[in-house]
Amino acid sequence: MITGSCLCGGVRFELERAAGPFELCHCRRCRKVSGAAFAAMIGVRTADFRLLQGQELIAAYDAPILERPPAYRTSFCRRCGSPVPNPDPKAEWFEVPAGTLDDDPQLRPDKHIFVELKAPWFEITDALPRHDKPALYQLRQQMAQTASVPHNTEVAMLKLDHLAICVSDPQRSRDWYTSYFGFTVEFEVPERDTVALQDDAGLTMFLVKDAERARHPSCGLTFQVADVETKYRELVAAGLQFVKAPQKLYWGYGAELADPDGYLIHLWDEHTMREQSGG
Ligand SMILES: [Zn+2]
Ligand SMILES: [Zn+2]
């Protein structure tokens, strides 16, 4: 359980878990609300959140709508002014100001957003991905599309929680999967030579250093992408070699390539699979 509170302690809450993403927002409004260079916001499922006390202390302010609804809303403690989480019960997911957490959420920031609006006095010096508004909107759209499938996991009896593959060099594999496929780094355990990567739907893939086993890759990975032809062209342009260009294969329509250790990756997309597999 992850607990959190405001400065005066009047508002207290707990989270079952933090789902992510964990974003550092440099937009003008987040800077005002946080009084800092950026707001650190963690994505949490509404069902995982419980307000323990202080409902009567929570006030909200809706800033004027700039482009389209919903308004930018900030919720805060009336007594001490700390930003506090305040989910809309109808929303499936919302953001918690990370600074209000009293425990380690077990997630680490995964990207900077609205970087084009960042304060001139602040310089981003870490290696996290940096998204401007158009890039972020595109990412959000992809997330919404993938999220529309896992909604049913509530009723599913079984859910693959994570998978682990042995690699000869976790850092090299991490860079490969993040730069070519957009995986984000969930966390790293350097002393155990382990890197945890996450896809857009929240599945975690562990990269565990084991050079001996990595020499005999014993599983294949299948990635669903938005459009297999586009992804193929993008990766070829980036210098990757494919084992098989997009074509009809025994498992359906798609492409195949190998990761740095030789794990075979199958790429497909829903649309092309439906169109090409039939006839
Ligand atoms: Zn307070
Ligand atoms: Zn913001």
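What follows is calculated from the coordinates using simple rules that are stated; it is not laboratory data. Predicted, not measured: the structure shown is a model, and the values here were computed from it. Note that each Cβ is placed from the backbone with ideal geometry, even for glycine, and that neighbours are counted across all protein chains shown.
Each label was represented as a point 7 Å from its Cα along the Cα-to-Cβ direction; for HIS216 and ALA245 these points are 3.5 nm apart.
Exceedance of the 26 Å cut-off in Cα-Cα distance is limited, within the set LYS209/LYS248; LYS133/LYS244; LYS111/LYS231; LYS32/LYS111, to LYS209/LYS248; LYS133/LYS244. Computed from the C-beta positions of LEU163 and ARG108 and an R0 of 22 Å, the FRET efficiency is 0.60 to the nearest 0.05. Cα centroids of the range 233-262 and the range 26-65: 43 Å apart. For the chain, adding -39500 (n - 2.57) for each run of n ≥ 4 DSSP H residues and dividing by the number of residues yields -5500 deg cm²/dmol at 222 nm.
Remark: the chain carries a charge dipole of roughly 740 debye about the Cα centre, counting +1 on each Lys and Arg Cβ and -1 on each Asp and Glu Cβ. When each of THR100, THR230 is scored by the number of other beta-carbon atoms lying within 10 Å, the sequence from fewest to most is THR230, THR100. Kindly express, to the nearest 10 degrees and within the range 0 to 90, the angle between helix 228-237's C-alpha long axis and the longest C-alpha principal axis of the chain. So the helix axis and the longest Cα principal axis differ by about 80 degrees. For the chain, the longest principal axis of the Cα atoms and the long axis of helix 170-181 meet at an angle of about 90 degrees.
One way to sum up the overall shape of the chain is the equivalent ellipsoid from its Cα gyration tensor, whose semi-axes run 38, 21, 19 Å, largest first.
Helix 133-147 and the longest principal axis of the Cα set of the chain meet at an angle near 70°.
Ordering GLY9, PHE181, GLY254 by the projection of their Cα atoms onto the charge dipole of the chain, which places +1 on the Cβ of Lys and Arg and -1 on the Cβ of Asp and Glu, puts GLY9 at the extreme positive end.
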